[in-house]
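Note sheet for the following structure.
The values are calculated or read from the model by the stated rules, or taken from the named source; none is laboratory data. Only a predicted model underlies this, so the values are computations on that prediction, with no experimental measurement involved. Positions of Cβ are backbone-derived with ideal geometry, glycine not excepted, and every protein chain shown enters the neighbour counts.
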């Protein structure tokens, strides 16, 4: 099949997903992108760019778009010879957490709803995200003063599937080198943004430092020109523990840090899948994650009580125990790494290609 992939926000997980799909799919994929920036304008204006840039859509067997696009605008402007369209939801504007300075633009949330309704096929990146979207969409429709199109919800549900995003690692057994058990390396490998809740993370580390518990710290992850001040404060506060500070451009160097890491922590307010966590666990880090969002569905259920926390106090207690008794957690290292193998592109790409083939029929 000839597939056209339109990505209006080519950065972060959107970029990784698009490139991963293009390189692994058995189909012929043409990728057309816009830079990651001005996301509200991307949602409102990307359709115009794509229609003007591509010209002839009839040469393709299917089109893939993601949530940063007003699909109804695109479909109306592209003309009647449009092939089937699949939309993939990395996030949505109905339930995405806002910083204290922001107010929600319900127009963008409704754009997500009608885009899902207009698509021939809808994919979400986790069960949690799908359920969260459907609940939030229903709530927004109920706020309409009259002529509420509640019937859309069931029609969206009927054409939706959940397929996790592929991750860029190989299948098979990974050699997990021994970690430093005296000063275990704690990883932050998320975006430096409000929704990842860095204050919560650094509060937990402060407790360790106050108790003179030895650890080292790798502050990785993508950051933009403007990022939370807490990272600048942490650079000074944890200067004796920090071994790397900032985004690592080289994929090889980034994986090297994951292979040295002992513990990877998430304090996220919002996380619809969590590629950074899956990658770190695949390469041997023990996770410590909130007992909510997508984490319970992607981690083995029988060890939830050891690696998922309920409250801030629970996080601090479990983290202290992990650092002081890290050796006791090593037996679950290989098992967790093996569990994460399922999320490799090599395995998941077959599901994506199969859905596209059915879409053509």
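Would you say residue 156 is assigned by TED's automatic domain parsing to the domain that holds residue 17, part of a strand (DSSP E or B), in contact with a strand residue (DSSP E or B) (Cβ under 7 Å, 6 or more places away or on another chain) and at pLDDT 95 or above? When the stated conditions are applied, residue 156 does not pass them.
Given the residues 148, 177, which is the only one that is farther than 30 Å from residue 326 by Cα and surrounded by fewer than 16 Cβ atoms within 10 Å (Cβ to Cβ)? Spell out how you get there, then give the answer.
Values: 177 fails: farther than 30 Å from residue 326 by Cα.
The unique qualifying residue is 148.
Restricting 238, 231 to those that are more than 20 Å from residue 289 (Cβ to Cβ), surrounded by 18 or more Cβ atoms within 10 Å (Cβ to Cβ), without any contact (Cβ under 8 Å) to a residue 40 or more places away in the chain and in the same structural domain as residue 335 (by TED's automatic domain parsing) reduces the list to 238. Answer yes if at least one residue in the stretch 276-283 is within 28 Å of residue 210 (Cβ to Cβ), touching a residue at least 12 places away in the same chain (Cβ under 8 Å), over 19 Å from the mean Cα position of the chain (by Cα) and not assigned by TED's automatic domain parsing to the domain that holds residue 125, and no otherwise. Taking every residue of the stretch 276-283 in turn, none turns out to be within 28 Å of residue 210 (Cβ to Cβ), touching a residue at least 12 places away in the same chain (Cβ under 8 Å), over 19 Å from the mean Cα position of the chain (by Cα) and not assigned by TED's automatic domain parsing to the domain that holds residue 125. Here residue 271 meets each of (1) out of contact with any helix residue (DSSP H, G or I) (no Cβ under 6 Å at 6 or more places or on another chain); (2) modelled with pLDDT of 95 or more; (3) closer than 28 Å to residue 18 by Cα with one exception, condition (2). Of all residue pairs spaced 6 or more apart or on separate chains, those with beta-carbon atoms under 7 Å, a first member in the stretch 125-146 that is under 19 Å from residue 167 (Cβ atoms) and a second member that is assigned to a helix (DSSP H, G or I) are 126/297; 127/297; 128/297. Determine if the stretch 182-189 includes at least one residue that is in a helix (DSSP H, G or I) and either touching a residue at least 24 places away in the same chain (Cβ under 8 Å) or on the phi < 0 side of the Ramachandran plot (or both). Checked the stretch 182-189: no residue is in a helix (DSSP H, G or I) and either touching a residue at least 24 places away in the same chain (Cβ under 8 Å) or on the phi < 0 side of the Ramachandran plot (or both).
Given the criteria over 26 Å from residue 331 (Cα atoms), surrounded by 17 or more Cβ atoms within 10 Å (Cβ to Cβ) and modelled with pLDDT of 95 or more, does residue 244 qualify?
On the way: over 26 Å from residue 331 (Cα atoms): yes; surrounded by 17 or more Cβ atoms within 10 Å (Cβ to Cβ): yes; modelled with pLDDT of 95 or more: yes.
Taking the combined requirement at face value, the residue satisfies it.
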